[in-house]
1. How many of the residues in the stretch 123-136 are surrounded by fewer than 23 Cβ atoms within 10 Å (Cβ to Cβ) and either at pLDDT 90 or above or assigned to a helix (DSSP H, G or I) (or both)?
2. Hey, among 120, 114, 158, which residue is open to solvent by 60 Å² or more (accessible area, probe 1.4 Å) and among the aliphatic types (A, V, I, L, M)?
3. From (1) touching a Gly at 6+ places or on another chain (Cβ under 9 Å); (2) aliphatic (A, V, I, L, M); (3) surrounded by fewer than 15 Cβ atoms within 10 Å (Cβ to Cβ); (4) under 15 Å from residue 153 (Cα atoms), pick out the condition that doesn't hold for residue 88.
4. For the stretch 87-122, give me each residue that is at pLDDT 70 or above and β-branched (Val, Ile, Thr).
5. I'm trying to understand the selection: among the residues of the stretch 137-155, which are open to solvent by less than 20 Å² (accessible area, probe 1.4 Å) and either in contact with a strand residue (DSSP E or B) (Cβ under 9 Å, 6 or more places away or on another chain) or not small (Gly, Ala, Ser) (or both)?
Amino acid sequence: SLVIEPALVWWFALGIQLLAIPGSLLPVLPGLALLPLGALLWLWAVGWNAAWPPLLLAGLLLLLGWAAEALGLLLGPARLQASRWAPIGAGLGLLAGLLGLLPALPLGGPVLGLVLGPFLGASLAQWLAARGAPGRALQVGLAVVAGMLVSRLAQALLALVGVLGFIWLTS
């Protein structure tokens with residue numbers, strides 16, 4: 001029978017959870033979803049009685065991260081009364097930035113593409129939906145990007161809280 005040392009599983013679970021921090025900042029990696037994954041691995045190793053607090057914390061932080069994502073994407077454009085197409089354009093722009101479909105950017109490469117893509121997508125979608133007002137479309141694009149960046153920062157902080165909470169609750 002296979003016997004796995006719980007200390008080894010703890011380190012592996014912690015490693016998974018540590019990946020949530022850069023994952024919450026970069027849209028190409030899974031972010032806060034790694035917190036419950038690490039906690040579930042720990043649960044598998046030690047059982048429900050010892051592992052439910054880290055799993056509960058990880059689940060709560062994942063829900064808070066989803067709320068931060070939704071608020072970040074909706075509040076800025078909503079305050080500017082953007083069209084419903086602006087967030088869709090931002091999503092398509094993000095996808096274009098991820099896939100490298102934007103022209104080569106001399107100063108930032110792909111990271112800048114992940115910011116510039118949503119800005120251009122939201123601005124273009126707003127401009128097309130509103131049939132004019134390019135200044136307003138640029139404002140909507142900036143609001144979408146600002147909301148996205150604030151959301152990513154909030155998720156990174158939640159990931160850090162999750163990792164520190166896992167360490168504290170399992171020590």
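The values are calculated or read from the model by the stated rules, or taken from the named source; none is laboratory data. Keep in mind that what you see is a predicted model, and the values were worked out from it rather than measured. Here the Cβ is made from the backbone with ideal geometry for all residues, glycine too, and neighbour counts use every protein chain on show. The area values use the complete protein model at the heavy-atom level, side chains included, leaving out ligands, DNA and RNA. Shrake-Rupley method; radii C 1.70, N 1.55, O 1.52, S 1.80 Å.
1. Matching residues across the stretch 123-136 total 8.
2. Only one candidate qualifies: 120.
3. (4)
4. 88, 115
5. 140, 144, 145, 155
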